[in-house]
Amino acid sequence: MSDELEIRRRSRFWIGVCGSSAILATILSVVLVRGALAKRLRTDPPGSVAASVSELTGEFDRDPDAAVAAFCGDCHATPRPASFPRDAWHDEVQKGYQFYSKSGRADLKVPPVPWTVAYFRSRAPEHLSFPTPAEAAGPLGTSFRREQIPLNTDVDLQPAVANLLWTALVSGQGETMLVSDMRNGRIVSLNLRDRSVAPQVLTRLQNPSRMERSDVDGDGTMDLIVADLGSLSASDHNRGQVVMYLQRAGLDSYSPHVIASKLCRVADVRSGDFDGDGRPELLVAEFGNYTTGKILLLKFGPQGRDWVNEVIVDARPGAIDARPCDLDGDGRLDFVAVISQEYEQVVAYMNQGNLQFAARTLWAGPDLTFGSSGIELSDLDRDGDVDILYTNGDSFDNMYVNPSHGIQWLENTGKLQFTYHRLTDMLGAYRAVAADVDRDGDQDILAVAWLPEQILPVEAAKLPKASIVCLEQTDARVFVRHTLETGFPYYPAIATGDFDGDGDPDFAVGPQVAYASSVPRWLAVWWNEGKPTAK
C-alpha cells in the first residue's frame with residue numbers, strides 16, 4: 001500500500017506541473033500501472049536497472065540513445081549520465097520534464113518518466129570522482145601578503161560583492177576600488193592607498209552587478225555605468241535596469257540617470273563604438289532566468305543620455321558576460337559573450353555593419369551541467385591576437401559540483417578558430433584574470449572560486465576546496481598551478497592592479513555567501529611582495 005500511495009502522490013505532482021495531456025498520459029500509463037517497477041528503477045543497482053529498462057516495451061526501447069537524444073537533446077546538448085551520481089537522476093529527470101511542460105511545446109515524442117530515469121541511472125556512476133590537481137614543483141616567482149580591509153557599513157546585512165573595479169573616479173587623480181554590493185544595493189569606494197579616507201557610498205541601487213567607466217555623453221569626463229540585476233536571486237521579472245551616473249567635471253560626485261528600465265536581470269553592461277560614428281553604444285547582457293533574458297545594444301542620441309534605438313542581438317536567456325573586441329581585425333568592433341543556462345556556449349558576434357551581427361559559436365560545453373561562469377579577453381600567449389580565458393563552476397542551479405569545473409584557455413589560432421586547452425580543475429571556478437604577477441614578461445592567471453555553502457554530492461563536500469589559485473606561465477603555453485588559499489571558496493569577484501604603485505600587480509577579492517551572518521565584512525587585498533615564495 002505504501003508503494004501505491006507514493007505512486008499516486010507523484011501522479012498528483014505531475015498533474016500539477018504537466019500542461020500537456022500527451023505528457024501526462026505517457027507518465028500515468030507507466031507510473032500508475034507499473035509502480036513497483038518505477039520504484040526499482042530508482043533504487044536498484046545498475047545491472048538490475050538495465051534489465052528493468054527492457055521491461056518497458058515500446059519504441060523507446062528499440063533505440064534508447066536516439067530516443068533520449070531526440071527528447072532530452074532537442075534544445076541543448078544531451079545531458080551526460082556521468083554528470084551526476086546515480087541517486088540524483090530521479091530528481092534531475094523530473095526537472096527536465098517540468099521545464100518541457102512549462103515551455104508550452106508538445107511536438108516531441110515523450111519517453112515515460114521511469115524509462116528515462118532508468119536510462120540515466122543505468123549509465124551513471126554510483127559516485128562522482130574528483131581528481132586532485134597537480135601543484136607546481138617549484139615556488140611561485142613572487143609572494144603575496146594578505147590583508148583584510150573592512151567594508152564599513154551603515155546597514156545590518158553583510159555585503160554580497162558582485163564586482164570590483166579598480167579605476168580613477170576623476171581623470172588625473174589616483175585610482176580607487178569600486179565595490180558593488182548587491183545585497184545592500186550600494187556601490188562603495190575604497191581608497192587602498194590612504195587608509196585615513198573612510199569608505200564612501202557613491203550611490204544606492206537595487207542589486208548592482210557589473211560596473212563600467214565610459215564617457216557616454218561625450219563631455220570629456222568618465223561616467224559610471226552600472227548593471228542592476230533587480231533581484232538578489234535568479235527569477236524571471238522586469239525589474240532590471242541600466243543606470244548611468246554622470247560625472248560633473250573635476251568632481252567625484254555623480255548624478256544618476258536611468259538609461260533603461262523594465263529589463264530582465266541585467267548581469268553585464270559594456271560600452272563600445274559598434275557603428276563607427278564616434279559615439280559609444282551600450283552592450284547589455286540580460287541573464288534573465290528561464291523564460292526571460294537577451295543581449296541587446298542601446299544606441300544613444302546626440303546628447304548621449306537617452307537611447308534612441310534598441311537592437312536585440314540574441315534573444316536567448318542566460319547571457320552572463322559580454323566583452324567588446326575586434327576579433328577579425330577589420331576595424332569594426334565585435335564582441336564575445338557567454339550564454340549559460342542550457343546552452344553553455346562561448347559565442348562571437350561578428351559586426352556586419354549598421355549594428356547587425358552574425359553569431360558564431362566558438363566553443364560549447366559538453367552538456368547543460370557545465371556551469372559557465374565567465375570569460376576574460378587577454379593575449380595569453382603574446383602572439384598579438386585576442387585569446388579567451390574561460391571559467392566554469394556555477395553550481396547554484398542545484399547545488400551539485402561537477403568534475404568538469406575548472407579553467408580553460410581558448411587559444412586564438414586565426415580565422416576565428418580557437419583551440420581548447422584545459423588548464424586546471426577547480427571546483428566552483430568563477431572568475432579568472434590575466435596578469436604578469438611574477439614580472440617575468442608573460443601572462444599568468446589568477447582565479448577565484450564561488451560555491452554554495454552546502455554542496456552536493458557528499459563526497460565533494462568533504463574535499464578540500466581551493467579559494468584562490470595562480471596559474472604561472474613557466475614557458476610558452478605552459479601553466480603550472482599554485483594554490484594560494486583553500487577553505488573559503490566564496491569569491492565571485494576579483495580585480496587586479498598596481499594598488500600601491502610599486503610596479504607589480506596586486507589583486508583583491510570580494511566575498512559573497514547566501515547567509516548574511518556567515519561572512520566577515522571585509523575586502524581581501526593580496527599585496528604583491530615581489531619576492532619568490534619558498535617551498
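The values are calculated or read from the model by the stated rules, or taken from the named source; none is laboratory data. Here the structure is a predicted model, which is why all the values come from computation and not from measurement. Counting neighbours? That spans all protein chains shown, and the Cβs are built from the backbone with ideal geometry, glycine included. Heavy atoms of the whole protein, side chains included, go into the accessibility calculation; ligands, DNA and RNA do not. Shrake-Rupley method; radii C 1.70, N 1.55, O 1.52, S 1.80 Å.
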* Could you say whether any residue in the range 324-334 is at pLDDT 95 or above, out of contact with any His (no Cβ under 6 Å at 6 or more places or on another chain), buried (at least 16 other Cβ atoms within 10 Å of the Cβ) and part of a strand (DSSP E or B)? -> yes
* Asked: Condition test on residue 342, is it of a type in the set (D, E, K, R), in contact with a His (Cβ under 6 Å, 6 or more places away or on another chain) and at pLDDT below 95?
  -> yes
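This table checks each residue for (1) of a type in the set (Gly, Ala, Ser); (2) part of a loop (DSSP other than H, G, I, E, B).
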{"residue": "433", "(1), (2)": "no, no"}
{"residue": "442", "(1), (2)": "no, yes"}
{"residue": "446", "(1), (2)": "no, no"}
{"residue": "452", "(1), (2)": "no, yes"}
{"residue": "473", "(1), (2)": "no, no"}
{"residue": "485", "(1), (2)": "no, no"}
{"residue": "495", "(1), (2)": "yes, no"}
* To do: Go through the range 476-497 residue by residue and tally those that are over 18 Å from residue 526 (Cβ atoms) and at pLDDT below 95.
  => 2
* Residues of the range 378-395 classified as more than 16 Å from the chain's Cα centre (by Cα), under 20 Å from residue 446 (Cα atoms) and open to solvent by 10 Å² or more (accessible area, probe 1.4 Å), total -> 5
* Boolean, residue 450 is in contact with a Ser or Thr (Cβ under 9 Å, 6 or more places away or on another chain), open to solvent by 10 Å² or more (accessible area, probe 1.4 Å) and in contact (Cβ under 8 Å) with a residue 24 or more places away in the chain -> yes
* Asked: All but one of (1) at pLDDT below 75; (2) of a type in the set (S, T, N, Q); (3) not in a helix (DSSP H, G or I) hold for residue 78; which doesn't?
  -> (1)
* Asked: If residue 410 passes every condition in (1) under 30 Å from residue 514 (Cβ atoms); (2) assigned to a strand (DSSP E or B); (3) touching a residue at least 60 places away in the same chain (Cβ under 8 Å) but one, which one does it miss?
  -> (1)
* To do: Confirm whether residue 460 is modelled with pLDDT under 95 and either crowded, with 23+ Cβ neighbours inside 10 Å or outside any loop (DSSP other than H, G, I, E, B) (or both).
  => yes
* To do: Working only within the range 95-143, note down all residues that are buried (at least 19 other Cβ atoms within 10 Å of the Cβ), touching a residue at least 60 places away in the same chain (Cβ under 8 Å) and among the aromatic types (Phe, Trp, Tyr).
  => 97, 100, 115, 119
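Residue-by-condition table, conditions (1) open to solvent by 10 Å² or more (accessible area, probe 1.4 Å); (2) in contact with an Asp or Glu (Cβ under 8 Å, 6 or more places away or on another chain); (3) aromatic (Phe, Trp, Tyr):
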residue	(1), (2), (3)
397	yes, no, no
404	yes, no, no
409	no, yes, yes
419	yes, yes, no
430	yes, yes, yes
* Kindly indicate whether residue 230 is crowded, with 17+ Cβ neighbours inside 10 Å, without any contact (Cβ under 8 Å) to a residue 60 or more places away in the chain and not in a strand (DSSP E or B). => yes
* Sole residue being farther than 28 Å from residue 225 by Cα and modelled with pLDDT under 95, chosen from 410, 368 -> 368
* Would you be able to say whether some residue in the range 114-122 is over 26 Å from the mean Cα position of the chain (by Cα), at negative phi and in a loop (DSSP other than H, G, I, E, B)? => no
* Can you work out which of the residues in the range 280-315 that are crowded, with 17+ Cβ neighbours inside 10 Å and part of a loop (DSSP other than H, G, I, E, B) is farthest from the chain's Cα centre (by Cα)? => 304
